[in-house]
Amino acid sequence: MNLITQLQSMRDLPDEQLHSLICDESATKALAAAADLVRREVYGRDVYIRGLIELTNYCKNNCYYCGIRRDNREVARYRLTHQQVLACCEQGYGLGFRTFVLQGGEDPHFTDSVVCKLVDAIKTAHPDCAVTLSLGEKSKESYQALFRVGADRYLLRHETANACHYGQLHPKELTAENRKRCLFDLKEIGFQVGAGFMVGSPYQTAHHLVEDLRFLQELDPDMIGIGPFLPHHATPFAHEHKGSLTLTLRMLSLVRLMFPHALLPATTALGTLHPDGRTLGLQAGGNVVMPNLSPTDVRELYTLYEDKISTHAESAEGLNALKEQVSLAGYEIVTHKGDVKRK
Ligand code: SAM
């Protein structure tokens with residue numbers, strides 16, 4: 001029996017045992033070591049890179065945790081133009097990026113037709129690249145239009161699987177039910193789908209985290225984005241505690257053990273929480289990093305939380321520094337599309 005088959009039993013652990021592992025601070029290192037064995041069995045030492053392009057910080061939503069929420073009047077709003085996005089891709093392509101992630105607030109300016117033109121232009125210029133979208137909740141018809149024009153992947157964290165907890169993090173017009181509906185629609189359409197959640201968001205309990213893992217089992221996504229909650233001063237959660245480093249690492253490891261094939265980023269939020277956060281995230285089971293390719297003058301405007309870090313991997317020097325950091329951690333950045341390896 002190989003390692004992965006043995007560890008499949010993680011998926012069958014009863015809720016109480018999962019709950020105990022989530023709460024057990026002393027299990028952090030052992031879980032990371034086991035998760036690392038699994039990631040090496042499936043992905044070897046490879047770390048996939050995705051070039052993140054922060055399309056817009058306009059957002060019609062008012063999520064209580066997010067720095068670009070509609071009611072934050074302190075932030076200067078921006079939108080990248082079609083040409084600016086293509087220029088970011090061009091620059092990223094030259095450096096070796098083969099996946100571009102267009103992420104942004106839910107900005108009514110970016111209609112289906114505007115986003116479709118953008119995706120089409122990127123795929124025409126770079127047919128060997130994957131385009132990932134992370135633009136929030138849409139109708140099934142909109143997702144279908146984006147898929148038809150060539151978008152490959154869609155990231156939409158479910159945030160929390162518990163409907164009541166969801167209601168504590170969002171205003172009432174946003175529901176867990178619709179968020180989940182979007183994820184199942186995206187899957188049915190054929191996107192490679194990413195879900196995920198923040199660790200340590202206000203009111204979160206370990207029982208909620210067990211529910212998150214169970215929801216992920218039901219959805220079976222290709223990508224799972226997990227990062228700590230970090231407060232932002234201009235939100236209702238300004239004075240809440242940040243998520244814990246070790247709990248985030250345990251959740252990453254548990255996810256790797258339960259989903260051996262998942263694409264699992266060591267997130268910017270983890271790197272912001274702790275200077276070694278990204279490295280620790282890779283060593284706890286992560287196999288993806290998403291450096292920022294957005295134009296440097298807008299980066300500080302896409303502040304979801306305080307003190308967001310940047311790797312400066314949009315420059316050859318910056319990318320080399322990141323490669324060096326990843327290699328010191330025991331892994332290697334590879335520059336292909338980086339599709340999920342399904343069973
Ligand atoms: N609008 C799109 C959406 O809803 O998926 C994408 C942009 S949204 C800002 C991207 C992710 O940022 C969210 O899914 C959320 O988990 C994360 N995020 C927002 N505020 C955060 C905070 N204060 N701390 C950590 N992560 C945060």
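The values are calculated or read from the model by the stated rules, or taken from the named source; none is laboratory data. Just so you know, these numbers come straight off a predicted model, no measurement behind them. For neighbour counting, all protein chains shown are included, and Cβ atoms are generated from backbone atoms with ideal geometry for every residue, glycine included.
Counting only residues that are under 14 Å from V288 (Cα atoms) and surrounded by fewer than 24 Cβ atoms within 10 Å (Cβ to Cβ), how many does region 239-254 have?
Looking only at that region, the number is 0.
Out of (1) touching a Phe, Trp or Tyr at 6+ places or on another chain (Cβ under 6 Å); (2) in a strand (DSSP E or B), the odd one out for G196 is which?
Just one mismatch for G196, condition (1).
Can you tell me how many residues in region 198-230 are near the ligand (Cβ under 9 Å from one of its atoms) and among the polar types (S, T, N, Q)?
1
Collect the residues in region 29-47 that are surrounded by fewer than 22 Cβ atoms within 10 Å (Cβ to Cβ) and farther than 16 Å from S253 by Cβ, keeping them in residue-number order.
Within region 29-47, G44, R45, D46 qualify.
Conditions tested, residue by residue: (1) in contact with an Asp or Glu (Cβ under 8 Å, 6 or more places away or on another chain); (2) closer than 30 Å to F215 by Cβ.
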site: P275; (1), (2): no, no
site: A284; (1), (2): yes, yes
site: N287; (1), (2): yes, yes
site: S294; (1), (2): yes, no
site: D297; (1), (2): no, no
site: Y302; (1), (2): yes, yes
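Take the residues of region 202-237 that are hydroxyl-bearing (S, T, Y) and surrounded by fewer than 21 Cβ atoms within 10 Å (Cβ to Cβ): which is farthest from L304 (Cα to Cα)?
This residue is T205.
Which ones in region 87-115 are among the acidic types (D, E) and either surrounded by fewer than 16 Cβ atoms within 10 Å (Cβ to Cβ) or within 13 Å of the ligand (Cβ to nearest atom) (or both)? Reasoning before the result, please.
Quick first cut of region 87-115, residues among the acidic types (D, E) only: 90, 106-107, 112.
If the condition is that a residue be among the acidic types (D, E) and either surrounded by fewer than 16 Cβ atoms within 10 Å (Cβ to Cβ) or within 13 Å of the ligand (Cβ to nearest atom) (or both), then E90, E106, D107 are the ones that fit.
For region 63-86, name all the residues that are loosely packed, with under 15 Cβ neighbours inside 10 Å and away from the ligand (no atom under 16 Å from the Cβ).
Scanning region 63-86 gives R73, A76, T81, H82, Q83.
Taking E54 as meeting all but one of (1) exposed (fewer than 13 other Cβ atoms within 10 Å of the Cβ); (2) under 26 Å from G136 (Cβ atoms), write down the number of the exception.
Looking at each condition in turn, E54 falls short on (1).
Taking the conditions exactly as written (within 13 Å of the ligand (Cβ to nearest atom), under 23 Å from A27 (Cβ atoms) and at pLDDT 95 or above), does G285 satisfy them or not?
Values: within 13 Å of the ligand (Cβ to nearest atom): no; under 23 Å from A27 (Cβ atoms): yes; at pLDDT 95 or above: yes.
Considered against the rule, which asks whether it is within 13 Å of the ligand (Cβ to nearest atom), under 23 Å from A27 (Cβ atoms) and at pLDDT 95 or above, G285 comes out as no.
Taking the options A195, A176, A130, name whichever one is among the small types (G, A, S), touching a residue at least 60 places away in the same chain (Cβ under 8 Å) and either more than 14 Å from the ligand (Cβ to nearest atom) or under 27 Å from L270 (Cβ atoms) (or both).
Working: A195 fails: touching a residue at least 60 places away in the same chain (Cβ under 8 Å); A176 fails: touching a residue at least 60 places away in the same chain (Cβ under 8 Å).
Testing whether each residue is among the small types (G, A, S), touching a residue at least 60 places away in the same chain (Cβ under 8 Å) and either more than 14 Å from the ligand (Cβ to nearest atom) or under 27 Å from L270 (Cβ atoms) (or both) leaves just A130.
Quick grid of which residues meet (1) at pLDDT 95 or above; (2) away from the ligand (no atom under 16 Å from the Cβ):
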| residue | (1), (2) |
| --- | --- |
| A262 | yes, yes |
| T268 | no, no |
| H274 | yes, no |
| S294 | no, no |
| T303 | no, no |
| D307 | no, no |
| L328 | yes, yes |
| V334 | yes, yes |
